[in-house]
Every structure is written in C-alpha cells, then in structure tokens.
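One structure is given below, encoded as structure tokens.
The values are calculated or read from the model by the stated rules, or taken from the named source; none is laboratory data. This structure is a prediction, so every number in the text was calculated from the model and none was measured. FYI the Cβ positions are ideal-geometry reconstructions off the backbone, even for glycines, and counts take in every protein chain you see.
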Amino acid sequence: MTTLTQDQIQQLLVTNHEHECEGMGAHKVCVRIEAIADLPTRFGDFQIVAFSNTRDEKEHIAVVRGSVLDGEDVPVRLHSECLTGDVIGSLRCDCRDQLEAALKLIGNMESGLVLYLRQEGRGIGLVNKVRAYSLQDQGLDTVEANQALGFRDDERDYAVAAHMLVSLRVRSIRLITNNPRKMDQLSRLGVTINGRIPQIIQPNQYNRFYLETKAAKSGHWIDFRGHEHLSEQADLPILEGMSPDGFGGAGVDETSAHQPDD
Ligand SMILES: [Zn+2]
Ligand SMILES: [Zn+2]
C-alpha cells in the first residue's frame, strides 16, 4: 500500500496554507489542511489529516488510507462525532459500530478515507445531546426527542465534507452509505459520486442480538430498561446475512449516483 509521501504532505500543507476560496454550502465554509501524520490503528495503517475551518473552532479530521491524491472512485465514509458512542461505548446509539465497521472495511482496502466530522449530536453539541437523552429518560416523545437531538437535514455536514474532499484532491468517490439521500446532497455540492458501497455490519456472538434489534427497528427502538434509542448517524445499520430492503444487494457496488429520495 502506498501512502501520502513526505513530499506530497509538504506540498499539501503549503498549498493549504495559502488557500482561500468563497466557501461551500449555505454558510460558505472554507477549510484548510493544517497537519498530517501517520496513524497506525487496530483497524490498519492510516494517516490522519487535521483541518481548520472558517466557520467555527471545530477541528475536523480525515482518516486516510493509501494515496488518495487525484484519486478516482475513492471509498469514502462520513461519520459525525459521537463522544458517548465512539469513545465511551454508549449503547444509546450505534455510532461506534458504524465507525468501527467503516474503519475495518477501509483498513482492508488499498485506499479510502473516513471524514470524521466534529459535530456532536449533529451539531447541537454534547450538552444539548445529554439534555435530549435526559428528556427521553423522562418520557419525551419521539418527535420532541428528535428535535431536541437536532434531527434535521444539516447542509453544513455535507459542505464541510465536500470541501475536505477538494482539499485532499480526491476527484471522485464511492460513498460508503446505506442512505441514498446523503449522495444527493453531496453531489449537489459538486462531489463526483461514481457509486455506493452499502455498509454491512458483521455481528459477533456478543452483539448480534443488540445489532439485529437495532437493524429491525427503523430509526428508534426501546431497550429493556425502557430507554429510547435514536440513530445519530444518517445511516441505518445493515447486518451481514440480512436482506437490505430497498438499499440494493449486500456487497453490491451500485453505479448510479442518482438514487431516489426515500
Ligand atoms: Zn476553501
Ligand atoms: Zn452516537
């Protein structure tokens, strides 16, 4: 596997240091690559690319495998930060399962990347997310909980992601997603999407029942303690061996970038 070389890294840093543009998306956000380093992980060898942006203090990152510069059909996964799930292993959501599945998948490929977007609770922040959890504990209904958790289309996710791909000089991607709507939003921002890779999660003996329950209940489900769980990522899980209804065949890489909205 080839990685970004020191020459390529220096060139990216110099180009980005001088980079200015009118920005992308409704909020005209512009990002710059600030630093790049090797990142060996339990899922394989990656490089980490840290970005600054013009809109806020959030430091978004790309976890990159292989040499993606001027790459075509690069497998890409978008992941929204979830401290409680990704780091603590919370079972109130499936964020960590999805992140690990994406890193494992890309870790076995020649090239690919995960854009890790620092928008906890889809941009509402950790305090508000914990507030929303608390409201759910107190029996708030799904609609109110959804609103409290910031469940709405947030163009900002996709604008930052689109610009990060431009900064990394990725020419075209195959999006790792179970959510065709995500592809529409990204392509409207000028990202060339040449296909979709459904994300199939492989359960083990310990989490099979848990994952199957999540996959079977769309959007939200109640655990045995009566806690409501919500999908904080834009994708619902598809399990290995399960028929991914309406999402295309398991493992099939579809070629059309224009999926109908569901
Ligand atoms: Zn820019
Ligand atoms: Zn989560």
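Overview of values
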item: Residue satisfying condition, being among the β-branched types (V, I, T), within 23 Å of V191 (Cβ to Cβ) and either over 10 Å from the mean Cα position of the chain (by Cα) or within 13 Å of ligand 2 (Cβ to nearest atom) (or both), within set I124, I88, I106; result: I106
item: Segment 161-178, subset under 14 Å from the mean Cα position of the chain (by Cα), of a type outside the set (S, T, N, Q) and not in a helix (DSSP H, G or I), residue surrounded by the most Cβ atoms within 10 Å (Cβ to Cβ); result: I173
item: Failed criterion for R55 (all others in (1) under 22 Å from I173 (Cα atoms); (2) surrounded by 15 or more Cβ atoms within 10 Å (Cβ to Cβ) hold); result: (1)
item: Criterion: within 11 Å of ligand 1 (Cβ to nearest atom), in contact (Cβ under 8 Å) with a residue 12 or more places away in the chain and of a type in the set (G, A, S) - qualifying residue of G23, G44; result: G23
item: Matching residues in segment 97-125 - criterion: being under 24 Å from V166 (Cβ atoms) and small (G, A, S); result: A102, S111, G112, G123
item: Among residues of segment 91-103, those that are in contact with a helix residue (DSSP H, G or I) (Cβ under 6 Å, 6 or more places away or on another chain) and near ligand 2 (Cβ under 8 Å from one of its atoms), counted; result: 4
item: Residue within segment 179-191 that is surrounded by fewer than 19 Cβ atoms within 10 Å (Cβ to Cβ), within 30 Å of C21 (Cα to Cα) and at pLDDT below 85 present; result: yes
item: Only one of G107, G89 that is touching a Ser or Thr at 6+ places or on another chain (Cβ under 8 Å) and within 24 Å of I200 (Cβ to Cβ); result: G107
item: Hits in segment 226-245 - residues which are part of a loop (DSSP other than H, G, I, E, B) and at pLDDT below 70; result: G226, H227, M242, S243, P244, D245
item: Condition broken by I36, with the remaining ones in (1) more than 16 Å from ligand 1 (Cβ to nearest atom); (2) assigned to a strand (DSSP E or B); (3) closer than 21 Å to I200 by Cβ satisfied; result: (3)
item: Out of S90, S80, sole residue that is free of Cβ contacts under 8 Å to residues at least 40 places away in the same chain and out of contact with any Gly (no Cβ under 6 Å at 6 or more places or on another chain); result: S90
item: The lone exception for E18 - which of (1) within 16 Å of ligand 1 (Cβ to nearest atom); (2) surrounded by 16 or more Cβ atoms within 10 Å (Cβ to Cβ); (3) of a type in the set (D, E, K, R) it fails; result: (2)
